[in-house]
């Protein structure tokens with residue numbers, strides 16, 4: 001893997017004991033593999049174990065009149081010297097003793113935070129990135145960051161099952177797991193399997209989540225292609241496209 005020529009460093013490390021609250025700056029953090037930062041509410045066995053935000057974006061926000069401390073946007077690591085949002089999913093970050101891998105760019109804002117209510121805006125959903133911990137270790141303010149370009153690897157696949165009843169737990173989704181098995185047998189990586197109701201807005205939201213935030217190479221949908229009024233997967237898919245390409 002090739003290192004990118006950037007002069008990036010850590011300006012602060014923050015944690016919180018509860019989700020949905022501002023994080024507080026700490027002197028040093030311990031990262032655990034496939035978990036996240038010890039003592040942080042967002043740590044766990046999922047793809048958003050650690051969040052990062054660029055100081056330059058925080059500084060621009062402050063210039064609008066906002067008084068925000070490090071951690072106010074819910075970010076774990078504040079860095080300078082690198083445009084985080086431009087890093088492809090799969091980019092590796094060496095920070096202190098730890099090694100992270102970028103898993104998601106930006107996020108969906110489910111409930112507006114205090115900053116949004118005060119300023120009418122929040123930068124974390126569009127400027128923040130998320131990562132998983134590949135190698136544990138300690139990180140602290142002043143640590144240099146090595147940015148390693150994403151390696152060409154397996155196709156990354158997202159799977160969406162569209163079903164009112166499966167999303168409500170009325171019955172078990174069986175088609176999604178079958179697709180997952182076939183995809184993995186074909187040598188591709190399944191990044192996530194999601195179940196959504198037959199709602200166009202929800203289907204569009206998850207399609208864009210996979211394409212934009214998770215940067216999946218392929219997305220498979222199953223369900224919602226019948227002739228009832230609730231079957232809207234084709235319409236939702238078409239709404240999500242920038243350009244439609246028919247088979248040739």
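A short reminder: the numbers here are calculations on the coordinates, not readings from a lab. Since this is a predicted model, take the numbers as computed values, not measurements. Because the Cβ atoms are built from the backbone with ideal geometry, glycine has one as well, and the counts that use them run over all protein chains shown.
Based on the Kirkwood radius over alpha-carbon pairs, what is the Stokes-Einstein translational diffusion coefficient of the chain at 37 °C with 0.692 mPa s viscosity, in µm²/s?
Details: Rh = 19.5 Å.
Result for D is 168 µm²/s.
Pick out which of 187, 158, 106 has the largest mean-square fluctuation in a Gaussian network model of the chain, springs linking Cα atoms closer than 10 Å.
187
Just grab the label-to-label distance for residue 134 and residue 62, each label 7 Å out from Cα along the Cβ direction, in nm (one decimal).
My value for the distance between the label points is 3.2 nm.
If you find the alpha carbon centre of region 22-65 and of region 146-181, how far apart are they in angstrom?
Rounded to whole Å, the Cα centres lie 26 Å apart.
Hey, what did the chain get for relative contact order, percent, Cα under 8 Å, at least 6 apart? Numbers along the way, then the final one.
Working: 551 pairs, mean separation 50.3, N = 248.
This gives 20 percent for the chain.
Can you classify region 156-240 as rounded, prolate or oblate using the Cα gyration tensor, where a ≥ b ≥ c are the square roots of its eigenvalues, rounded means a/c under 1.5, and otherwise it's prolate if a/b beats b/c and oblate if not? Display every interim value, and only then the final one.
Details: a/c = 1.94, a/b = 1.27, b/c = 1.53.
Oblate shape, in that a/c is at least 1.5 and b/c is the bigger or equal ratio.
Can you tell me the length gained on complete extension of the stretch residue 30 to residue 7, counting 0.36 nm per residue apart and subtracting the Cα distance?
6.0 nm
Could you work out the helix-only [θ] at 222 nm for the chain, with each DSSP H run of four or more residues adding -39,500 (n - 2.57) and the total divided by the number of residues, to the nearest 500 deg cm²/dmol?
Values: 7 runs with 50 residues, N = 248.
After summing the helix terms and dividing by the residues of the chain, the value is -5000 deg cm²/dmol.
Test of understanding: what is the full-extension gain from residue 170 to residue 182, defined as 0.36 nm times their sequence separation minus their Cα-Cα distance? Could you put the intermediate results ahead of the total?
Values: separation 12, 0.36 × 12 = 4.32 nm, distance 2.49 nm.
Stretched fully, the residue 170-residue 182 segment lengthens by 1.8 nm.
Can you classify region 100-210 as rounded, prolate or oblate using the Cα gyration tensor, where a ≥ b ≥ c are the square roots of its eigenvalues, rounded means a/c under 1.5, and otherwise it's prolate if a/b beats b/c and oblate if not?
Since a/c reaches 1.5 but b/c is at least a/b, the shape of region 100-210 is classed as oblate.
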